[in-house]
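See below for the structure under consideration.
The values are calculated or read from the model by the stated rules, or taken from the named source; none is laboratory data. All values derive from a computational prediction rather than experimental measurement. A quick note on method: Cβ atoms are made from the backbone with ideal geometry, for glycine too, and the neighbour counts reach across all protein chains shown. What goes into the accessible areas is simple: the full protein's heavy atoms, side chains included, and nothing from ligands, DNA or RNA. Shrake-Rupley method; radii C 1.70, N 1.55, O 1.52, S 1.80 Å.
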Amino acid sequence: MIIKEIQKRPFIRPLFIWITGILLQAFFDCSLVLLLLIIIPLLIVAFSYLVPKVESGGDNYELRWVWGAVFLSLLLSLSIQRTAYWQERGDSSEVSLLMELGGKGQERLLEPFERLNLSKEEKSVLTTITLGYRKEMDREVRRRFSVTGVAHLLAVSGFHVAVVCGFLSLLFSFLPKNSFYSWLGYLLMLCLLWGFVVITGLAASAVRAGLMLTLYLTGRVLRRMTDGYNTLAAAAFCMLVFNPLYLFDIGFQLSYLAVLSILYLQPRLQNLIVVRNPVIAIPWGWITVTLAAQVGTTLLCLYYFRQFSLVFLCTNLPLTFLATFLIPAGLIWLLLPVGIPGYGLLQLFVEKLTHTLFWIVDAFSRVEEAVFYGRIDLLLTILGYGSILSFLLFTKTRRPGVLFAGLLLLLFILFDLLIERFFTA
């Protein structure tokens, strides 16, 4: 069943092969392996021409596994070579030009913020949420957002890109419904979307969201069906082909784990309670998205940041709602000329939203025991995700062996915790 699901999504298999090559090069000396991966496909191709044709219409259909092995070897060798290239290179000059252009555009857009009737901390929050400019942000403000479980609002991520894309979709929905205007709206949306990604610093999570939305919008304008898992795999594959070292970026890992968890868990969580009232259904959908993303990223957050917010459910819903309006309103206000009708009202709206958002974060950050502090090592993180994956597979396949594997991993986790407590006691 799982193999059939993977076969439906053509980007998953090359993504796994490419990641395998990255990990091989990152942790082992693969010079000999690389030589074998280049020689073996050449020998297979040469041998295939010497083998007599199979009696089935004159083709070598029965030897299709041979060509699969050739493809695997070549893709693996390319992955190892590309990873080695970036390891030796140690910089990103291809991206630096874009980042430099984005930085200049960002500096120009910072000037209007001085006209806002906001405190220094509130201005730093607004510039971070709308433009990804974090240089003026105080460490205490970052701590408050982290404690309340909404630190993702301070890093331009898939949420910010999705909000911008949603606003642009709404804006271009007023165009006439014909082929010319569909393509015009598509091209304008891509230009504006990637302009936002560049200006905000080309963060890994923002690039991921930009690629996924580009693939989705392309499929929509071509009137093709899109699959969330295949789109996610395609975006990851494109990013890792460009720079394999993205795999070790914290933002890349958190972003893809969060989206993968949302794609798989959110529909199942939402179906636990069927809500037909649209007034309740919308916030319930946001809650399930938050829970799904949290399930996928909690272990990784404990590994990297050693803390977990206990009030994230109380803060994510109102703050996400406010940010959904604040991001497009702030960007429109930045781009509008001063003195245009409605400019003052829009500025007041942006100020009120920023005041409210900052007040909620400040209030919840004062809650005692609002955050759980814990530390897990890499082994526990891998075992934890392995057990979660095993239990999720069991719910889909109902195979006892999968359940046994999950319980065994939980047993290993328990032993590791007991041993650690014994030696640290």
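Listing for the model above:
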| item | result |
| --- | --- |
| Whole-percent carbon and sulfur share, accessible surface of the chain, 1.4 Å | 69 |
| Spin-label model distance (nm) - Y373 vs N230, 7 Å beyond Cα toward Cβ | 4.8 |
| Three-way shape call for the stretch 322-425 based on the alpha-carbon gyration tensor, with the a/c threshold at 1.5 | prolate |
| Fluctuation leader among N178, N117, N316 - the chain, Gaussian network, Cα springs under 10 angstrom | N178 |
| Gyration tensor (alpha-carbon) shape descriptor, the stretch 241-350, a/c threshold 1.5 | oblate |
| Square roots of 5 times each gyration tensor eigenvalue, C-alpha, the stretch 359-403, largest first, Å | 36, 15, 7 |
| Assigned charges on the beta-carbon of Lys, Arg, Asp, Glu; the chain dipole about Cα centre (debye) | 1020 |
| Per residue, in Å², the accessible surface of the chain once ligands and nucleic acids are set aside, probe 1.4 Å | 58 |
| Taking all pairs of distinct alpha-carbon atoms in the stretch 282-339, Kirkwood radius in angstrom | 13.6 |
| GluC sites (Glu not before Pro), loop per DSSP, at most 15 other Cβ atoms within 10 Å - longest free stretch of the chain | 137-367 |
| Rough spin-label spacing in nm, given labels placed 7 Å along Cα→Cβ, for S119 and V338 | 2.6 |
| Rounded if a/c under 1.5, otherwise prolate or oblate - the stretch 179-228, Cα gyration tensor axes | oblate |
| Within the stretch 159-214, chymotrypsin sites (Phe, Trp or Tyr not before Pro) in DSSP loop having at most 15 other beta-carbon neighbours inside 10 Å | F174 |
| The stretch 151-287 - Rg over Rh from alpha carbon coordinates, Kirkwood radius | 0.99 |
| Lysine pairs in the chain with Cα atoms under 21 Å, if 8 or more residues apart or on separate chains | 8 |
| Theoretical FRET efficiency, 1/(1+(r/R0)^6), r = Cβ-Cβ of I382 and L407, R0 22 Å, to 0.05 | 0.85 |
| Euclidean distance between Cα centres, the stretch 232-287 to the stretch 354-370, Å | 26 |
| Sites L348 and N277 - FRET efficiency at Förster radius 41 Å, r taken between beta-carbons, to 0.05 | 0.80 |
| Length added when fully stretched, D29-R220, from 0.36 nm per residue minus Cα-Cα | 64.4 nm |
| Crossing angle, helix 93-110 versus the chain [Cα axis fit, 0-90 degrees, rounded to tens] | 10 |
| Modelled FRET efficiency - R0 22 Å, R134 with I250, Cβ distances, 0.05 increments | 0.90 |
| Which of M99, M239 is most accessible, then next, and so on - probe 1.4 Å | M99, M239 |
| With 20 Å bins from 0: P(r) over the chain, alpha-carbon pairs, percent | 20, 53, 24, 3, 0 |
